[in-house]
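Down below is the structure, laid out as structure tokens.
All of the numbers you see were taken from the coordinates with simple rules; none came from a lab. Since this is a predicted model, take the numbers as computed values, not measurements. Cβ placement follows ideal geometry from the backbone for every residue including glycine, while neighbour counts extend to all protein chains displayed.
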């Protein structure tokens, strides 16, 4: 009998993993994975509330791009 996998794997850069690991210390999140799942659920549920037309405002997008650039990702 084959069991269906309930999860899949994704890759994130090690520096980001380490930052998240430090960020969640003392927060109640038991792992980086649990935090990432929480954040992704928040993002997705927010997009459903907005009708999926605009996930981020233009200002949010600008801030995200600036932050990613500062972290060396763009």
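Worth pointing out:
- Our estimate of slack between residue 11 and residue 34, defined as 0.36 nm per intervening residue step minus the Cα-Cα distance, is 6.8 nm.
- Inter-label distance for residue 18 and residue 68, nm, one decimal - labels placed 7 Å from Cα along Cα-to-Cβ: 2.2
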